[in-house]
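The values are calculated or read from the model by the stated rules, or taken from the named source; none is laboratory data. Keep in mind the model is a prediction, meaning the values are calculated, not measured. Note that each Cβ is placed from the backbone with ideal geometry, even for glycine, and that neighbours are counted across all protein chains shown. With ligands, DNA and RNA removed, areas are computed over all heavy atoms of the protein, side chains included. Shrake-Rupley method; radii C 1.70, N 1.55, O 1.52, S 1.80 Å.
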Amino acid sequence: MDKPKFNIIDGLIVLLVVAIIAAGIYLLSGNNTVDSPETQNTTAVFQLQLTRADESLYNKFLAALDTQETVWIGVKERFPGKIEILEKSPSSRITTNTQTGKAVLAEDPNLFDLTIHISTPVLETPSGITASGTPIRVGEEVAVRGKGFAGYGFVIDLKTVTE
């Protein structure tokens, strides 16, 4: 029985397979450096709006502001923050006037809308702003908790300050 001859086509196929394997290994292992910004002391100050809060919740947030208590933002992935400013305004909602049938804006004297300015250390990248790996985005609903109080609200403003 004759032994098959090794020809140029067979050599090219072997080189092609070796090149594909080498390229795959290179791409999978790759360069493990991440193009990230230099570590800076960046702080985010964002405004969180809680609607229809009562007086006792306002007083608990006010106590956390006075004592500089750390509050926790988020539900599953939480990150710490400090309350910087607390604003209170009358709560209003759209109701129907039963006499005219028109929609009117009515204030509720027992409830308030709270705007809470919270600061937290963050990492700012071209793809977004994250605090402890959790993204912070305007328009997102988040939870805020402290000792003995909690509330849900929307992020209505977000600014970063590099120190």
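Hey, if we sort 52, 78 by accessible area with the 1.4 Å probe, largest down, what's the order?
Reading off the accessible areas and sorting them downward yields 78, 52.
Which of rounded, prolate, oblate describes the stretch 1-128, given a ≥ b ≥ c as roots of the alpha-carbon gyration tensor eigenvalues and a/c under 1.5 marking rounded, otherwise prolate only if a/b is larger than b/c?
In terms of gyration-tensor shape, prolate.
Just to confirm the number: angle between the C-alpha axis of helix 55-67 and the first principal axis of the chain, 0 to 90 degrees, nearest 10?
Here the helix axis deviates by roughly 60 degrees.
Quickly estimate the mean residue ellipticity at 222 nm for the chain, helices only: each DSSP H run with n ≥ 4 gives -39500 (n - 2.57), and the total goes over all residues, rounded to 500.
-7000 deg cm²/dmol
As I understand it, the dipole of the chain uses +1 on the Cβ of Lys and Arg and -1 on the Cβ of Asp and Glu, about the Cα centre. Which of 134, 90, 4 lies farthest toward its positive end?
It is 4.
Please state the charge dipole magnitude for the stretch 57-117, taken about the Cα centre, from unit charges on C-beta atoms (+1 on K and R, -1 on D and E), reported in debye and rounded to the nearest 20.
Once rounded to the nearest 20, the dipole reads 220 debye.
Measure off, as a whole percent, the carbon and sulfur share of the 1.4 Å-probe accessible area of the stretch 29-163, all protein chains present.
Percent of accessible area from carbon and sulfur atoms in the stretch 29-163: 50.
So how strong a dipole does the chain carry about its Cα centre when Lys and Arg Cβ are +1 and Asp and Glu Cβ are -1, to the nearest 20 debye?
420
With every protein chain left in place, what is the accessible area per residue of the chain in square angstrom, probe 1.4 Å?
71
Taking the dipole about the Cα centre of the chain, with the C-beta of Lys and Arg at +1 and of Asp and Glu at -1, give me whichever of 80, 26, 100 is farthest to the positive side.
Going by the Cα projections, it comes out as 26.
Please check: in the Gaussian network model of the chain (C-alpha springs, under 10 Å), which one of 128, 146, 24 has the largest mean-square fluctuation.
Maximum among the listed residues: 24.
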